[in-house]
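What follows is a set of notes on a single structure, which appears directly below.
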Amino acid sequence: MSHTYTIDSAAGVTPSPRRLCLTLADEMDRAEIYRMRHAVYAAELHQHPVNAAGELRDALDAFNIYLAAREPATGAIAGFVSITPPGHGKYSIDKYLSRDELPFACDDGLYEVRLLTVAPAYRRGPLALQLMYAAFRYAESRGARRIVAIGRREVLSVYLKSSLRPVGKQVSCGAVTFELLTVTIDELRAAASENSDILRRMTDRIDWQLDFPVRSPAGCFHGGAFFDAIGDEFDDLGRRHDVINADVLDAWFDPSPKVTTAIAEALRWLLKTSPPADCRGMARAIARARGVPIDCILPAAGSSDLIFLGLRHWLTAASRVLILDPTYGEYAHVLERVIGCRVDRLNLSRPDGYLLHANSLAAAIEANRYDLVILVNPNSPTGRHMPRAELQSVLQETSPAARIWIDETYVEYAGPDQSLEAFAAESNNVIVCKSMSKVYALSGVRAAYLAGPRAAIADLRAITPPWAVSLPAQIAAVAALTDPAYYADQYRQTHLLREELARDLRALGEIEVIPGVANFLLCHIPESGPTAAAIVADCRKKGVFLRDAGSMSARLGRHSLRIAVKSPAENAAVIAAVRASLGPA
């Protein structure tokens, strides 16, 4: 069950109300449902004749699925919806239309949603939409590709708000006229993504007790749309020269020559050879470079590997977690969609430049009992950074009861002395997550690690599979750590390129560029012009791929872009593409 809370200030948390329990109906529920069907469809709507038994059922009930919303205190059913699955040869629409009249196939991907019923006391609230959404999620979780329904004309707006669309066919039963409607699962997913905040508020008002998650467990989107132009089967990698992948935050520079030499000299051998099972050498090299004990280091195949490993091991649906908003989307995805935690958001404001203030952070942590606090520092997509000394001071003063997870993927861009790895290794509750992708130009091999207390690292090491990091990645990581001077020079050049890119973006017009410290920029384009989504789509036609930042947080709105810092020539192409997409000033 997913719970989302919002912190507008450090002083308080306002939970969404939860009134009704949504469950799969059992046999006892069905008896009450059949009585409700009679009361509504026979006595109230005159769709069917009234009968002495006071119940209404049909032949489809032998295999129909019912979802019921109950009053938690009394157990009384406030509403229900039925789903007819494929595989039984019939749907209720067969009573009104022949298969030849239907503008879609009646195959094993078709599910019918029917009998949407809400008790009179709940008809002014969101229950009808909540039940429809639950029916859609049930069908999606069972492999549906299309939904069909017949909606009563008087309440057609409920069906339209659910994303169902009429196909131009009406049918009648008794005194009731229905409209035939349909929608594909892909269309429902697109609508859910576009209306994610509305959907979250709506589903937070239901106690979700079904055997599938409240939201589709599809992976979190991270950009990378440029592979649509290259081809994800890699049959023509030469096309990589035709695109600028500023929608992901890969380094614009090459890995250290020490890395490429080590890989090139042993390429055929390392491709066919199993790596050290425990990554001990990689861990030793990291520990030596960072000045922390080796037992405080846990290598992995990228930071996402560590996020899924640690968060799923330490948290349950009963856990309560604090994250920033906006921040890296993988955290909300894992917490809400995979684990189903209670999530609080510490909101960062645009007027304040999306800064995280020490006093607000400390107050939020102290005011609530969190199982985990997640901080991305420098933050993405804002690029803002809280200095190490300031953040360390907050952590030293807060209660050690909550585990603190600090994602330092971009910290080397903030300065060579800004990591909290050594502090985390000496603490009892602080974990630092370090990707080696962005700052060492190793995104393609996937290398990362955790630095933290021995006990916490040992806890995760026990559930880490052998050969967790590939041999090319281990060799690349070890070699990269031996060349700090090379990378320090790349960071200096990145800062110059970022400032030039920010200057050129501001010169395009009324564009607000957030002053970040990493290898990307968040910018707000004028709301009087095209949306970020429109600019992203137009730039793609020119081979320039950017990120619509609004998809990462509703707080960023529909006119926010995140742009990776690239080479001088590529940055110039980005500016030209954005200028053309914005149109005349």
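Kindly establish whether Val478 is under 20 Å from Thr409 (Cβ atoms), in contact (Cβ under 8 Å) with a residue 60 or more places away in the chain and crowded, with 19+ Cβ neighbours inside 10 Å. So Val478 fits the description; yes. Going by what's in this entry, would Ala488 be described as in a helix (DSSP H, G or I), small (Gly, Ala, Ser) and open to solvent by 20 Å² or more (accessible area, probe 1.4 Å)? So Ala488 passes the test.
Looking only at residues of the range 3-20 that are crowded, with 18+ Cβ neighbours inside 10 Å and closer than 22 Å to Tyr122 by Cβ, we find that the one that is modelled with the lowest pLDDT is His3.
Taking the range 305-320 only, how many residues are assigned to a helix (DSSP H, G or I) and either free of Cβ contacts under 8 Å to residues at least 12 places away in the same chain or open to solvent by 30 Å² or more (accessible area, probe 1.4 Å) (or both)?
Matching residues across the range 305-320 total 6.
Out of Leu116, Leu127, one residue alone is on the phi < 0 side of the Ramachandran plot and open to solvent by less than 20 Å² (accessible area, probe 1.4 Å). It is Leu127. Among the residues of the range 184-211, the ones that are within 23 Å of Leu24 (Cα to Cα) and not hydroxyl-bearing (Ser, Thr, Tyr) come to 16 in all. Please work out which residue is nearest to Leu199 (Cα to Cα), limiting yourself to the range 134-151 and to residues that are open to solvent by less than 40 Å² (accessible area, probe 1.4 Å) and part of a strand (DSSP E or B). Ranking the candidates gives Ile147 first.
Go over the candidates His333, His357 one by one and state the one that is farther than 20 Å from Leu420 by Cβ and either in contact (Cβ under 8 Å) with a residue 40 or more places away in the chain or not polar (S, T, N, Q) (or both).
His333
Going residue by residue through the range 523-533, is there one that turns out to be more than 20 Å from Ser380 (Cα to Cα), open to solvent by less than 50 Å² (accessible area, probe 1.4 Å) and of a type in the set (S, T, N, Q)? So far as the range 523-533 goes, yes, one or more of its residues are more than 20 Å from Ser380 (Cα to Cα), open to solvent by less than 50 Å² (accessible area, probe 1.4 Å) and of a type in the set (S, T, N, Q).
Taken together, Leu496, Leu501 contain a single residue that is hydrophobic (A, V, I, L, M, F, W, C), open to solvent by 30 Å² or more (accessible area, probe 1.4 Å) and under 19 Å from Tyr410 (Cβ atoms), which is Leu496.
Here is the figure for the range 174-224: residues that are in a helix (DSSP H, G or I) and either modelled with pLDDT under 85 or open to solvent by 40 Å² or more (accessible area, probe 1.4 Å) (or both) total 16.
Residue check: Pro378 meets all listed conditions (1) out of contact with any Lys or Arg (no Cβ under 8 Å at 6 or more places or on another chain); (2) open to solvent by less than 10 Å² (accessible area, probe 1.4 Å) but one, namely (1). Restricting to the range 59-105, what's the tally of residues that are touching a Lys or Arg at 6+ places or on another chain (Cβ under 9 Å), over 15 Å from Leu131 (Cα atoms) and either open to solvent by less than 30 Å² (accessible area, probe 1.4 Å) or assigned to a loop (DSSP other than H, G, I, E, B) (or both)? Going through the range 59-105 one residue at a time, the tally reaches 15. Of the residues making up the range 555-573, at least one is modelled with pLDDT under 95, open to solvent by 20 Å² or more (accessible area, probe 1.4 Å) and outside any loop (DSSP other than H, G, I, E, B). A count restricted to the range 26-54 and to residues that are open to solvent by 30 Å² or more (accessible area, probe 1.4 Å), of a type outside the set (A, V, I, L, M, F, W, C) and under 24 Å from Arg153 (Cα atoms) stands at 5. For Gly509, the test of being farther than 27 Å from Val376 by Cβ, out of contact with any Asp or Glu (no Cβ under 9 Å at 6 or more places or on another chain), of a type outside the set (A, V, I, L, M) and touching a residue at least 40 places away in the same chain (Cβ under 8 Å) is passed.
Every residue in the range 391-432 that is farther than 18 Å from Ile323 by Cβ, of a type in the set (D, E, K, R) and open to solvent by less than 20 Å² (accessible area, probe 1.4 Å), please. Listed by number, the list holds a single entry, Glu421. Which residue pairs have Cβ atoms under 6 Å apart, sit 6 or more places apart or on different chains, and have a first residue in the range 428-443 that is without any contact (Cβ under 8 Å) to a residue 12 or more places away in the chain and a second that is part of a strand (DSSP E or B) and not β-branched (Val, Ile, Thr)? Listed by first residue and then by second, the contacts come to nothing, as the list is empty. In the range 536-561, the residues that are under 13 Å from Ser196 (Cβ atoms) reach residues that are small (Gly, Ala, Ser) and assigned to a strand (DSSP E or B) with C-beta atoms within less than 6 angstrom, at least six apart or across chains, in these pairs: Gly550/Ser560.
Of the residues that sit in the range 504-521 and are in contact with a strand residue (DSSP E or B) (Cβ under 7 Å, 6 or more places away or on another chain) and either part of a strand (DSSP E or B) or open to solvent by 20 Å² or more (accessible area, probe 1.4 Å) (or both), which one is farthest from Pro257 (Cα to Cα)? Among those residues, the one meeting the criterion is Glu512.
Looking for whichever is over 22 Å from Leu556 (Cβ atoms), assigned to a loop (DSSP other than H, G, I, E, B) and open to solvent by less than 20 Å² (accessible area, probe 1.4 Å) here; the options are Tyr370, Tyr354. Which one fits?
Result of the check over Tyr370, Tyr354: Tyr370.
For the range 238-284, a residue qualifies if it is open to solvent by less than 20 Å² (accessible area, probe 1.4 Å), farther than 18 Å from Met436 by Cα and part of a helix (DSSP H, G or I), and exactly one does: Leu270.
The values are calculated or read from the model by the stated rules, or taken from the named source; none is laboratory data. Note that this is a predicted model, so its numbers are computed, not measured. Reconstructed Cβ throughout: ideal geometry from the backbone, glycine too, with neighbour counts over all protein chains shown. Side chains are part of the model used for accessible areas, which takes the heavy atoms of the whole protein and leaves out ligands, DNA and RNA. Shrake-Rupley method; radii C 1.70, N 1.55, O 1.52, S 1.80 Å.
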